[in-house]
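Comments concern the structure below.
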Amino acid sequence: MLGALRKAVSSWLGLAILGLALVAMVVTLFYGQTPGPAGGARGSVVVAVGPEAVTEPEWIRAVNLALEVQRRDTPQMTLPDFVRLGGADVVLEQLVLSRTLDLFGREARLPIGRRLVDGEIASLPAAQVGGRFDEAAFRRFLGQAGVSEEELRRELAGELARRLTLVPVTAGLDVPDRLARAYARLLFDRRRGVVLAVPFAAVPEPAPPDEATLVAFWKAEPGPWTVPERRRFRVAAVETERLWAEAEPTAAEVEAYWKEHPEEFGGMPFRRLAQVVLPDEARARDFVRKVRAGEDFARVAAAAGFAPADTDLGRLSERRLAAMTNEAVARAAFSAAPGAVTDPVRGAFGWHVVKVLAVEPPRPVPLAEARADIAARLRQRKREELLARRVDDIEDRLEQGEPLGDVARALGLAVETVGPLTADGRRLTADDRLEPAGHPLLARAFALDPEEGPAVVQDGAGRFYVLEVAEVIPPAPIPLERIRDRVVQAWRERTRTEAARRVAERVAAALDRGEDPVALARTRRLPSPEKLDIRRVDLSRLLGAGQAVPAALSALLDSPVGRARVVADPGRPAWFVVRPEAHEPGDADAAEALLPQVREALGRTAADELAETFARALERAVGVVRQPGAIAAVKARLAGEGEAP
């Protein structure tokens, strides 16, 4: 994943385009549980997109959410790591791309009808029960996300416009066989060579540094001993026991619900029904005549063009059938005898003929048995209503400038002070080390603009809180006198690493002069050299199996024959000197079998590059202006980089 992230920095659109995954804004807003629509953030501008802008708080919020997703694959990933690997750059370009495409779509007046948006809503997993759209689930989803249906529809319409913009650009690309065949043969190129390891331990331990050297090193390499920006914030949970006590239903409310909803508790008769709807009365009466004469209802319906699924109404009450058709149809169906068909009844779309398949008499559930279920339903409904009113009340108070402390006292909320913590959830200990100390609202605290005051936010589980940034502590280096031993140890490791690299470079030069690898290793007291024999397709299989590819193998394939190269392998305390000695072109017959996969991969790459070119042209058209100073400042703060005194 980290390799893909590095690659995305130079080909950022690949991350956004692949699979047409241009739903970053929808995901951020409706699955990431952000405090509000991304476009509504205020703060300093990092990128101007025509008349609109990507702001600093918006970018920081999106980076924190992207980091949360990244940690599903790499739990040890910190915010500074994510930024240094280019994650913040990728997120920013996604935001710019999304805003650019939105502007272009509005200017082009792309036709996004309500039905298209309805289809997108129905496909949201959070709005489904058993794979089908459910209105109640959809309403719960909106409540948990803290957005209105209109806001969701606007965002989905924007996503559809982005699709309509990019699909025609990338569709229908074809890769010629000649090009695909050439790339397929490269996969079977064989390289043979030799590798020598130069361990860091192969060079002597350096002498202790003098004071000037140590101070210069501490100033030149501030990252390891710079404490990133930290924030202290205050939190008050909106959902309190006092609030929930108000949601407890009374016995009278439970009984009233039971009486008003007999359909839910077996207090009404049900019937299993089938129906056909015919365009005119004459055909409907002919249908009734045939069935009453003894012909099978299903067979007559099939002859009229109805499949069994078209005629089956299932188990219904009279009230439900009336809602689906009209009162006259329902009255006729519930007046007919079991097994009978009704006379034709006119409806909105034609003439209804209903057959009664079975009759279920009322089987009312006693109030005593239904009481617990009804109480749970009413309790949940009242909680949602009370919570919505409480959130509205708090937001009104905050908008009028009421301090968090006053709001908390008025509504009986407990205020907790958290931190100071870094953006990736660490606190500074007494011995100047950063240790894990996360908080569910950490990402929200770093997304808030401190100057805007407290705000109502949600955590990942949809619970509401009032959040206020109380203090922002900028990045700062730890004084040298407090961490002298650590800085000395870091200097020794760096000095030894650089010395080992110089040894490796001398070994590489000796190999290029034709010296024997075995003799070189023996003379310099290095581990014995290893022979390498590899094809690109072998590396692809390693990657496909989820295994790390040693840097020496990659260097063997990428370096000219006869030229030694020094490479590092992250996590291994050694330099590696790799010298390719022979190259054997790939086998054409073996490459032929991979031709379809190679053509497909090249097609994706070509589509990404074409889409990126198109997106850059759109940026110029709408007027995208990046603020390098502001971008660098945000990245430095997120990465925990500060200036040493």
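How many residues does the range 484-534 contain that are open to solvent by less than 90 Å² (accessible area, probe 1.4 Å) and at positive phi? Matching residues across the range 484-534 total 1. Each residue in the range 268-286 was checked for being within 54 Å of the chain's Cα centre (by Cα) and acidic (Asp, Glu), and 1 of them qualify.
Determine if the range 430-437 includes at least one residue that is surrounded by fewer than 18 Cβ atoms within 10 Å (Cβ to Cβ), in contact (Cβ under 8 Å) with a residue 24 or more places away in the chain and acidic (Asp, Glu). Within the range 430-437, one or more residues are surrounded by fewer than 18 Cβ atoms within 10 Å (Cβ to Cβ), in contact (Cβ under 8 Å) with a residue 24 or more places away in the chain and acidic (Asp, Glu). Scanning the range 100-135 for residues that are among the aliphatic types (A, V, I, L, M), over 16 Å from Arg154 (Cβ atoms) and surrounded by 13 or more Cβ atoms within 10 Å (Cβ to Cβ) gives Ala122, Ala126, Ala127.
Filtering the range 48-94 to residues that are basic (Lys, Arg) and either modelled with pLDDT of 85 or more or surrounded by 20 or more Cβ atoms within 10 Å (Cβ to Cβ) (or both) leaves only Arg61.
Can you find even one residue in the range 588-609 that is surrounded by 15 or more Cβ atoms within 10 Å (Cβ to Cβ) and more than 30 Å from Pro168 (Cα to Cα)? Checking the range 588-609: at least one residue is surrounded by 15 or more Cβ atoms within 10 Å (Cβ to Cβ) and more than 30 Å from Pro168 (Cα to Cα). For the range 354-398, a tally of residues being in contact with a strand residue (DSSP E or B) (Cβ under 7 Å, 6 or more places away or on another chain) and either of a type in the set (Ser, Thr, Tyr) or open to solvent by 80 Å² or more (accessible area, probe 1.4 Å) (or both) returns 1. The residue that is farthest from Glu360 (Cα to Cα), counting only those in the range 326-335 that are touching a strand residue (DSSP E or B) at 6+ places or on another chain (Cβ under 7 Å) and surrounded by 15 or more Cβ atoms within 10 Å (Cβ to Cβ), is Asn326. Considering (1) surrounded by fewer than 18 Cβ atoms within 10 Å (Cβ to Cβ); (2) touching a residue at least 60 places away in the same chain (Cβ under 8 Å); (3) touching a helix residue (DSSP H, G or I) at 6+ places or on another chain (Cβ under 6 Å), the lone condition that Leu97 does not fulfil carries the number (1). Restricting the search to helices (runs of 4 or more DSSP H) fully inside the range 174-247 and requiring at least 2 residues that are at pLDDT 90 or above gives 211-220. Out of Pro249, Pro269, one residue alone is of a type outside the set (Gly, Ala, Ser) and surrounded by fewer than 18 Cβ atoms within 10 Å (Cβ to Cβ). It is Pro269. Of the residues contained in the range 467-476, one or more are found to be in contact (Cβ under 8 Å) with a residue 60 or more places away in the chain, open to solvent by 20 Å² or more (accessible area, probe 1.4 Å), in a loop (DSSP other than H, G, I, E, B) and under 30 Å from Ala212 (Cβ atoms).
Candidates in the range 310-325 are the residues that are open to solvent by 40 Å² or more (accessible area, probe 1.4 Å) and touching a Lys or Arg at 6+ places or on another chain (Cβ under 9 Å); of these, the one that is modelled with the highest pLDDT is Asp312. For residues in the range 298-309 being under 43 Å from the mean Cα position of the chain (by Cα) and aliphatic (A, V, I, L, M), which is surrounded by the fewest Cβ atoms within 10 Å (Cβ to Cβ)? Step by step, filter the range 298-309, then rank; the result is Ala309. Tallying residues that are open to solvent by less than 30 Å² (accessible area, probe 1.4 Å) and not polar (S, T, N, Q) within the range 223-246 yields 10. Among the conditions (1) within 30 Å of Gly514 (Cα to Cα); (2) out of contact with any strand residue (DSSP E or B) (no Cβ under 6 Å at 6 or more places or on another chain), the only one that Leu196 does not satisfy is (2). Restricting the first member to the range 336-353 and to residues that are surrounded by fewer than 13 Cβ atoms within 10 Å (Cβ to Cβ), and the second to residues that are of a type in the set (D, E, K, R) and part of a strand (DSSP E or B), the beta-carbon pairs closer than 9 Å and six or more apart or on different chains are Pro338/Arg271; Gly339/Lys355.
One residue alone among Val345, Val365, Val277 is β-branched (Val, Ile, Thr) and modelled with pLDDT under 90, and that residue is Val365. Entry remark, the range 272-291: residues being open to solvent by 50 Å² or more (accessible area, probe 1.4 Å) and closer than 20 Å to Leu313 by Cα number 2 in total.
The values are calculated or read from the model by the stated rules, or taken from the named source; none is laboratory data. These numbers come from a predicted model, not from an experiment. Every residue, glycine as well, gets a Cβ built from its backbone with ideal geometry; the counts of neighbours run over all protein chains shown. Ligands, DNA and RNA are excluded from the accessible area calculation, which covers all protein heavy atoms including side chains. Shrake-Rupley method; radii C 1.70, N 1.55, O 1.52, S 1.80 Å.
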